[in-house]
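Down below is the structure, laid out as structure tokens.
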Amino acid sequence: MEKKDIKSFTFEQLQQEVAAMGEKAFRAGQLYQWMHQKLAGGFDEMTNLSQGFRQRLKEQYAYTHLEMVDRMISGIDQTEKYLFRLEDGNVIESVLMRYHHGNSVCISSQAGCRMGCRFCASTLGGLTRNLKPSEMLDQVYRIQQISGQRVSNLVVMGTGEPLDNYDNLIRFLRILTDEKGLNISQRNITVSTCGLVENIRRLAQEGLQITLALSLHASSQEKRRELMPIANKYGLSDVLEACRYYFAKTGRRITFEYSLVGGVNDTVEDAKALAELLGDINCHVNLIPVNPIKERDYVQSDKSAITAFKNKLEKYRINVTIRREMGRDINGACGQLRKSYMDAEERKQMV
Ligand code: SAH
């Protein structure tokens with residue numbers, strides 16, 4: 001039988017496990033602190049637990065500890081890209097970005113992705129599997145340890161669709177924001193989704209103060225469908241209705257992500273249609289000049305088109321920023337580090 005994954009338990013769940021082992025209640029607190037605050041690499045480091053208890057923990061539970069296989073540091077802006085190997089050999093990628101307001105980590109929520117967005121590298125090989133809460137947590141923990149930098153912000157914008165791994169995502173968020181753990185502020189967390197309507201509504205009801213980022217990328221249902229197959233399942237008006245509901249429930253302003261693709265969705269007419277679409281929603285628009293991937297022939301918009309798009313939105317009094325490209329020298333598009341690693345491994349096996 002597969003061992004239970006001890007780092008994926010919330011504090012309440014861990015208390016039950018410890019009680020079931022016949023240990024005193026305060027041991028759960030010690031164990032939780034070792035895992036989620038002191039970021040221990042394994043049971044052996046937990047020196048205030050008895051040898052016997054540690055031994056039984058080892059026998060009964062698996063301890064997630066990601067192995068770093070690559071780390072690249074940008075010479076331009078200190079952005080760091082990490083490649084981690086999971087216990088079953090899968091690899092995932094995470095990023096550390098340094099801003100003046102603090103350090104932000106971008107994590108993956110799945111190994112691969114099944115959403116199929118046309119311009120995205122992470123989805124090319126399909127979905128391999130969901131990440132466990134402990135595997136999402138350990139991306140933050142390992143980066144904090146290896147870089148020596150305190151992490152204060154988190155974006156779930158790496159490989160995967162977080163709302164397609166809903167229960168694990170929620171458990172991850174609860175542990176990461178727990179004051180007995182790293183205690184990262186919920187307000188400093190952003191979860192990005194391609195728009196799974198039911199789960200946006202569920203998320204709105206969790207009582208979390210996190211920011212929802214919605215990948216919009218088009219101002220009409222037809223155009224959105226061309227870029228994002230998921231739009232065949234959820235229509236644009238339903239997605240926006242779910243966003244309004246999220247704001248009504250949480251009071252958190254929505255971020256709309258809009259990847260500008262040259263000649264596809266980047267004209268001033270597109271901008272006007274977008275402004276009219278978002279008219280009454282309390283939101284912020286984040287424009288992302290598309291990162292071209294070699295498997296598709298999408299190109300970035302001209303600088304002048306990007307500026308004109310932004311100006312048009314501002315005319316309509318929409319809050320808008322252009323996403324600053326970070327770590328230009330150490331990556332291509334998001335998900336490409338993992339992909340190039342997997343392609344290289346595959347080539348090795350063919351030899
Ligand atoms: N599954 C989530 C997280 C994906 S990554 C989602 O869809 O939101 C975060 C953002 O980067 C999304 O808005 C995604 O559409 C965008 N993105 C992915 N590949 C990109 C690329 N090559 N260029 C620009 N933006 C991209």
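The values are calculated or read from the model by the stated rules, or taken from the named source; none is laboratory data. The structure displayed is predicted, hence computed values, not measured ones. Note that we place each Cβ from the backbone using ideal geometry, even for glycine, and neighbour counts take in every protein chain shown. Please note that ligands, DNA and RNA were not included when accessible areas were found on the heavy atoms of the full protein model with its side chains. Shrake-Rupley method; radii C 1.70, N 1.55, O 1.52, S 1.80 Å.
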For Lys310, counting only lysines whose alpha-carbon sits under 16 Å away and dropping same-chain residues fewer than eight positions off, the answer is Lys272
Checking Gly207, Gly126, Gly112 against a Gaussian network model of the chain (alpha-carbon springs below 10 Å), the top fluctuating residue turns out to be Gly207
Relative contact order as a percentage, the chain, C-alpha pairs under 8 Å and 6+ apart, gives 15
Magnitude of the Cβ-charge dipole (Lys and Arg +1, Asp and Glu -1) of the range 168-212 about the Cα centre, nearest 20 debye, reported as 20
Surpassing 25 Å at the alpha-carbon level, of the pairs Lys223/Lys294; Lys81/Lys294; Lys4/Lys339; Lys223/Lys312, are Lys4/Lys339
Here the FRET efficiency for Lys315 versus Arg118, based on Cβ atoms and R0 = 30 Å and rounded to 0.05, is 0.55
Simple SL model, points at 7 angstrom along Cα→Cβ for Asp44 and Asp167; separation in nm is 3.4
With DSSP loop assignment and no more than 14 other C-beta atoms within 10 Å, the trypsin sites (Lys or Arg not before Pro) in the range 309-343 are Arg317, Arg323, Arg324, Arg328
Here the residues of the range 149-163 lying in the modelled label zone of Tyr245, meaning backbone nitrogen under 17 Å from a point 7 Å along Cα-to-Cβ, are 163
Expressed in Å to one decimal, the Kirkwood Rh of the range 101-241 from all distinct alpha-carbon pairs is 15.7
Once Arg85 and Gln60 are pulled to full extension, the length gained, defined as 0.36 nm per residue separation minus their Cα-Cα distance, is 6.7 nm
Given unit charges at Cβ for Lys, Arg (+) and Asp, Glu (-), the dipole magnitude of the range 23-134 about its Cα centre in debye, nearest 20, is 300
Expected field for Cys113, accessible surface area in Å² at 1.4 Å probe radius, rounded to 10, holds 10
Out of Tyr298, Ile189, Gly160 - ranked by how far each Cα lies towards the positive end of the dipole of the chain, with unit charges on the beta-carbon of charged residues - the top one is Ile189
With +1 on the Cβ of every Lys and Arg and -1 on the Cβ of every Asp and Glu, the dipole magnitude of the chain about its Cα centre, in debye rounded to the nearest 20, is 520
Hull surface over four for the Cα convex hull of the range 1-112, reported in nm², is 9.3
Result for the range 37-117: accessible area per residue, probe 1.4 angstrom, in square angstrom, of 44
Counting only protein heavy atoms and rolling a 1.4 Å probe, one gets per residue an accessible area for the range 118-157 in Å² of 33
To the nearest 10 degrees, the tilt of helix 11-20 (Cα long axis) against the first principal axis of the alpha carbons of the chain is 30
SASA check, Thr47, accessible area w/ 1.4 Å probe, all protein chains in place, rounded to nearest 10 Å², comes out at 100
Excluding residues fewer than 8 positions from Lys180 in its own chain, the lysines with Cα under 19 Å of it are Lys7, Lys24, Lys38
The answer for the per residue Cα convex hull volume of the chain, in Å³, is 152
For the chain, the charge dipole (Cβ of Lys, Arg +1; Cβ of Asp, Glu -1; about the Cα centre) points to a positive end, and the Cα of Phe84, Asn103, Met1 closest to that extreme belongs to Asn103
One finds the C-alpha centres of the range 75-119 and the range 255-296 to be spaced, in Å, by 23
